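All remarks here apply to the structure that follows.
What follows draws every value from the coordinates through simple rules; no lab data is involved. Given the structure is predicted, the values throughout are model-derived calculations rather than measurements. Here Cβ is always computed from backbone atoms with ideal geometry, including for glycine, and neighbour counts include all displayed protein chains.
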Amino acid sequence: MIRGRTWAAVLLASTLGMGTGCASQGAHSAVSRPGLVHLVEYDLGDSTVVQKGFPVGSRFRHMPVRVNGLISAPAEGAGPFPVVMVLHGNHAGCPLDATGVDRWPCDPEVEQANYAGFGYLLGELAARGYVVVAPNLNAENTFGFGEPVPGERMEQLTDLHLSALADAASGGSPDFGVDLEGRTDPARLAFIGHSRGGEAAVALADEILPNAGSRGYGPVAGSLLVAAATTFRNPWASIDMPVATILAGCDGDVTDQSGQFFFEGPRLAPDQTEWVASTFLQGASHNGFNTALPPDMVDQSSRTDCQSPLDADRQREWLADYAGSFLDLLFTHDASETERARADLGIVVAEAAPDTVLGLPARVAYLSPADEREALLVPASAGELAKNLLGGSVTADNLVVQFCPKGFYTLVTKPQTEACRRSTVTIPGQPALAVLVWESSSAALRLAIPEGQGDLRRASTLSLRAAVDPASDLNSFGEAQALTVQVSDRKGRAAVVTTRTDEPALGYPGGDRRHDDAGGATFFTGIVPFTDLRIPLSDFVGVDLGDLAEVAILMDQTSSGALFVGDIEFLTVGKRDLTPGTAR
């Protein structure tokens, strides 16, 4: 049974520049002003979770846990305020024994408070008008109390905390050390997950707790994944909520950037209805987001793009800003604040993709909801390179086009895929894509639009994703690429737009080429994010957007090159309002 007591009811009043949100009649406002927040370490006592894989009578059947963590709430304003749960990652909680296992349970005096490393984030988000809780999840991550079943412990642990929070919000007995009654709205719930906590945030919200409303909280309005890892959830699936994932550019733990799977999976899912965003934060480390953790396991300083790493304090400040804007986008009812939040995240589709996000160098990819995009080429299959998704022909002029299926493979497992570079270049998420290779400035990829399919007057933007192949000798080392996009209508009129000289998607990624003389392969040491390139349709002057006949990618700016390309599509703005009640 959970005991209603507070282990350390420490009232910490702190003035935070991001401010406290105001709310009335249950509607969250993103308007910020400086204010006080309560930051409290709570302990609701002891409980157990059940591991059904162990027989009745086994000492591992009922696992002891402490229901404790950190909570922060606005000290001002009536609320009720939305709830945010921050899920920490898989880091040892108890001291390791001689075999390297953290034996569970251990004395609280020696247990590492991994959740407390997000105290800074809780305080900042509470100052913006959220009730934020970071539960102790060490019991989920230990192998010191029997072999865990993925998600089994996590569901029960998070339910213990969220159910208690819902009880306190309605005037029940659990004592979090903060006044929550009438000021907390557990029905408006979001997750933020770091590392393995990112995967848990998706699994909990999308698979384990989809009907959580019957428990007194949720369902989950959206999840922010921070340097996430994938271990047990199938990433090649749709996600029934808005998701933003942050990739740490110099991650020394999740070195393969597998959190990007939570973008690439929904991208290929035929039933994905919500938006998904991905931000590649240059110079960021994995553990730098959590103040309780040591430096990353793998030192990435040997990479040229990581020799000037992002300052950890600045990295955490950035996360607080990003998380605040993400949550505002989920919960605000104010149209101007929605647009401000979208601009903060770099996902205003009617504008060119940014090369910075909230003041730091970053690369952005954005997946609009299915009803806000008209795709020409994803590509998800080789067949799209002959007939595009609108049913028109695909023609390559003086251009070699190679289809690369999703996932990791080598030339041994998938012969004739050398241009895909899956074993020599790290593209986060290992996406399905096409490789375009040319050695003539007359090269072009032409996508025909069938008659009756070319009315794009409601669309605002032509978007594609691209990245320079840094292992190809056809790209000059360290130099950006460039191209021209041409659209033509059925009256034979054409309009062209040449990409910006500083177009992020066509910039040469940070890192070095290394040639393996023995194997003959060229390796690239850096990370190559697959990034948005957006062109407002208003830039194409003199053509009838109501009757387009062709979109062509012209390689007329350089004499040679190799690009990873995908997601050529038309995007529409404003078809629905991303506010509570419509976000799911």
Q | For region 355-460, the fraction of alpha-carbon pairs in successive 10 Å shells from zero, as % | A | 12, 32, 37, 17, 2
Q. Looking at region 205-307, which chymotrypsin sites (Phe, Trp or Tyr not before Pro) are DSSP coil and have at most 16 other C-beta atoms within 10 Å of their C-beta?
A. Phe232, Trp236
Q: Give the residue from Leu433, Gly172, Gln481 lying farthest towards the positive end of the charge dipole for the chain; charges sit on Cβ (+1 for Lys and Arg, -1 for Asp and Glu) and the dipole is referred to the Cα centre.
A: Gly172
**Q.** the chain: relative contact order as a whole-number percent, Cα under 8 Å and 6+ apart
**A.** 12
**Q.** Length added when fully stretched, Glu76-Ser302, from 0.36 nm per residue minus Cα-Cα
**A.** 76.6 nm
Q. Based on the mean of other beta carbon atoms within 10 Å per residue, what is the order of 138-144, 336-342, most packed first?
A. 138-144, 336-342
Q: Taking 7 Å along the Cα-to-C-beta vector as the label spot, tell me the Glu109-Val412 distance in nanometres, rounded to one decimal.
A: 5.4
Q: Under a cut-off of 13 Å between alpha-carbon atoms, report the aspartates and glutamates in cross-link reach of Lys491, not counting same-chain residues fewer than 8 places apart.
A: Glu451, Asp544, Asp547, Glu550
Q. Based on the Cβ-Cβ distance from Val573 to Arg314, what FRET efficiency comes out when R0 is 35 Å, to the nearest 0.05?
A. 0.65
Q. Say R0 is 45 Å: what FRET efficiency, to the nearest 0.05, do Asn234 and Val496 get from their beta-carbon distance?
A. 0.60
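How much of the calculated P(r) for region 117-190 lies past 19 Å, in percent of all Cα pairs?
Value for region 117-190: 45 percent of Cα pairs lie more than 19 Å apart.
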(Q) Placing unit charges on C-beta atoms (Lys and Arg positive, Asp and Glu negative, everything else neutral), compute the dipole magnitude of the chain about its Cα centre in debye, rounded to 20. (A) 740
Q | Column: log10 I(q)/I(0), Debye, Cα scatterers of region 230-297, q = 0.20, 0.23, 0.28 Å⁻¹ | A | -0.82, -0.97, -1.17
Q: With everything on Cα atoms, drop me the angle between helix 152-169 and the longest principal axis of the chain, reported from 0 to 90° to the nearest 10.
A: 70
Q) In whole angstrom, and with the biggest value first, how far do the Cα coordinates of the chain range along each principal axis? A) 75, 59, 44
Q | Tensor-based shape of region 277-396 (alpha-carbon gyration tensor, a/c under 1.5 rounded, otherwise prolate or oblate) | A | oblate
(Q) Could you order the peptides 88-99, 478-489 from most to least packed, using the average number of other C-beta atoms within 10 Å per residue? (A) 478-489, 88-99
(Q) Using only the alpha-carbon atoms, what does region 323-390 span along each of its principal axes? Please give whole angstrom values in decreasing order. (A) 43, 29, 18
Q: Just report the Cα centroid separation between region 357-424 and region 276-319, whole Å.
A: 28
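Compute the length gained on full extension between Lys52 and Ala482: take 0.36 nm times their separation in residues and subtract their Cα-Cα distance, giving the result in nm to one decimal.
Result for the pair: 149.1 nm of gain on full extension.
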Q: For helix 312-331, report the angle its Cα long axis makes with the longest principal axis of the Cα atoms of the chain; keep it between 0 and 90° and round to the nearest 10°.
A: 90
Q. So how strong a dipole does region 293-346 carry about its Cα centre when Lys and Arg Cβ are +1 and Asp and Glu Cβ are -1, to the nearest 20 debye?
A. 120
Q. Which distance in Å, rounded to a whole number, links the C-alpha centroids of region 147-203 and region 466-494?
A. 48
Q) Taking region 360-459, which GluC sites (Glu not before Pro) meet the DSSP loop condition and have no more than 15 other C-beta atoms within 10 Å? A) Glu439, Glu451
Q: Would you be so kind as to identify which of Thr413, Trp318, Asn234 lies farthest towards the positive end of the dipole of the chain, taking Lys and Arg as +1 and Asp and Glu as -1 on Cβ and the Cα centre as origin?
A: Asn234
Q | Pairwise label distance in nanometres, Asp539 with Glu451, each label 7 Å out on the Cα-Cβ vector | A | 3.2
Q. Separation between the Leu385 and Ser170 pseudo-spin-labels, each 7 Å from Cα along Cα→Cβ, expressed in nm?
A. 5.7
Q.
As I understand it, the value is the acute angle between the Cα axis of helix 335-345 and the longest principal axis of the Cα atoms of the chain; what does it come to in degrees, rounded to 10?
A. 80
Q. Given a cut-off of under 8 Å on Cα pairs at least six residues apart, what relative contact order in percent is computed for region 296-443?
A. 15
Q) So what is log10(I(q)/I(0)) for region 64-204 at q = 0.11, 0.15, 0.22 1/Å, when the Debye sum runs over its Cα atoms only? A) -0.40, -0.73, -1.37
